[in-house]
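The values are calculated or read from the model by the stated rules, or taken from the named source; none is laboratory data. The structure presented is a predicted model; accordingly, all values stated were derived computationally and were not measured. Virtual Cβ from ideal backbone geometry, glycine too; neighbours counted across all protein chains shown.
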Ligand SMILES: NC(=O)c1ccc[n+]([C@@H]2O[C@H](COP(=O)([O-])OP(=O)(O)OC[C@H]3O[C@@H](n4cnc5c(N)ncnc54)[C@H](O)[C@@H]3O)[C@@H](O)[C@H]2O)c1
C-alpha cells in the first residue's frame with residue numbers, strides 16, 4: 001500500500017478516524033495535509049507523525065466555507081506541487097429526533113457533511129483532471145443506507161448525499177483516470193459513539209454480527225486501500241466497513 005511521494009489532504013484529521021488515517025498514510029510515505037476546524041487536534045497529530053519521521057502540514061478551516069475549501073487545495077498545490085489523494089472525512093453529527101431538528105441545524109449538518117464534499121472534490125477534480133490520475137475518498141456512514149438508528153435524520157441524509165455525489169463524480173472523473181469512492185463505516189469506537197452512552201452502545205453492538213464496534217484503525221485501513229494502487233480498477237464503490245451490520 002505504498003504511498004511514497006504522494007500528497008494527501010485529509011479533512012477532519014484531528015478526529016478519531018481522521019487521525020488514524022493520517023498516521024497510516026504517513027507511515028506509508030505520503031505527505032499529509034492535516035485539515036480541521038480545530039487547530040489543537042491537528043497540531044497534536046502533526047507532532048505524532050513528525051516523531052515517527054513523517055511529513056505533514058496543517059491547515060485550520062471550516063470545510064463548508066467555499067473560499068476556505070478552494071484555498072486548501074490551492075495552498076496544497078503551491079506548497080507541494082501536486083495533490084494525489086483527497087479524503088473527505090470531516091463531519092458533525094447529532095442525535096436530535098426529527099420533530100426537534102431546527103432548520104438551521106439541518107442546514108449546518110448538510111453544509112459540513114455534504115457541501116464540503118462537493119466543494120473540495122470539485123477543486124481536487126479540477127487539478128487531478130489535468131494530471132490524468134488521483135483518488136478521492138469520502139466518508140459516508142451505514143446510517144446513509146439504513147437510516148439513523150441513533151444519529152439524526154439530518155446526519156443520515158447528509159451521508160446518503162455523499163454516496164450519490166460519489167457515484168456521480170466517479171462517472172465524470174473516470175475518463176480522466178481518477179478513482180472516486182466512499183467508505184461506509186458502521187458504529188466505530190470514537191468520541192462520537194462514546195457520547196451515545198453505555199446502554200445505547202451495548203444494545204447497538206448486539207445487533208452487529210461481529211458483536212462489537214469498529215476501531216478507527218480498521219476504517220483507516222479501508223481508506224488506505226482505496227488510496228493505494230491496489231484498488232486502481234475500483235471506482236464508484238461504497239465500501240462497507242461495519243462488521244456485517246449492513247450487507248448490500
Ligand atoms: N464514529 C463513527 O461511529 C462513525 C460512523 C460512521 C461514519 N463516521 C464518519 O467518519 C468520519 C470521522 O468520524 P469520527 O468519529 O472520527 O469523528 P470526530 O468527531 O472524531 O472527527 C471529526 C473531525 O472533523 C472536524 N470538523 C468538524 N466540523 C468541521 C468543519 N466545519 N471544518 C473542518 N473540520 C471539521 C472535527 O473538528 C473533528 O476533528 C465522519 O465523516 C463521520 O461521519 C463515523
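Looking only at residues in the stretch 25-48 that are part of a helix (DSSP H, G or I), in contact (Cβ under 8 Å) with a residue 24 or more places away in the chain and surrounded by 21 or more Cβ atoms within 10 Å (Cβ to Cβ), which one is farthest from the ligand (Cβ to nearest atom)?
26
Can you run down the residue pairs with Cβ atoms below 6 Å, 6 or more apart or on separate chains, where the first is in the stretch 181-197 and over 23 Å from residue 118 (Cα atoms) and the partner is more than 8 Å from the ligand (Cβ to nearest atom)?
Qualifying pairs under 6 Å: 187/204; 189/215; 196/150.
Being closer than 21 Å to residue 141 by Cβ, assigned to a strand (DSSP E or B) and either at pLDDT 95 or above or away from the ligand (no atom under 13 Å from the Cβ) (or both) is true for just one of 17, 9. Which residue is that? So that I can check it myself, show each step before the final result.
Values: 17 fails: assigned to a strand (DSSP E or B).
Answer to the check: 9.
Among the residues of the stretch 148-164, which ones are within 10 Å of the ligand (Cβ to nearest atom), farther than 14 Å from residue 106 by Cβ and over 15 Å from the mean Cα position of the chain (by Cα)?
150
What are the residues in the stretch 1-20 that are out of contact with any strand residue (DSSP E or B) (no Cβ under 9 Å at 6 or more places or on another chain) and touching a residue at least 40 places away in the same chain (Cβ under 8 Å), if any?
1, 2, 20
Inside the stretch 49-65, can you point out the residues that are surrounded by 14 or more Cβ atoms within 10 Å (Cβ to Cβ) and either away from the ligand (no atom under 13 Å from the Cβ) or under 11 Å from residue 15 (Cα atoms) (or both)? Give the steps one after another, and end with the answer.
Pass one, the stretch 49-65, residues surrounded by 14 or more Cβ atoms within 10 Å (Cβ to Cβ): 49, 54-65.
49, 54, 55, 56, 57 - these are the residues of the stretch 49-65 that are surrounded by 14 or more Cβ atoms within 10 Å (Cβ to Cβ) and either away from the ligand (no atom under 13 Å from the Cβ) or under 11 Å from residue 15 (Cα atoms) (or both).
Scan the stretch 175-194 for residues that are exposed (fewer than 13 other Cβ atoms within 10 Å of the Cβ) and over 29 Å from residue 132 (Cα atoms) and jot them down. Even if it seems obvious, please write down each step before you answer.
Within the stretch 175-194, the subset exposed (fewer than 13 other Cβ atoms within 10 Å of the Cβ) is 175, 191, 194.
Of everything in the stretch 175-194, those that are exposed (fewer than 13 other Cβ atoms within 10 Å of the Cβ) and over 29 Å from residue 132 (Cα atoms) turn out to be 191, 194.
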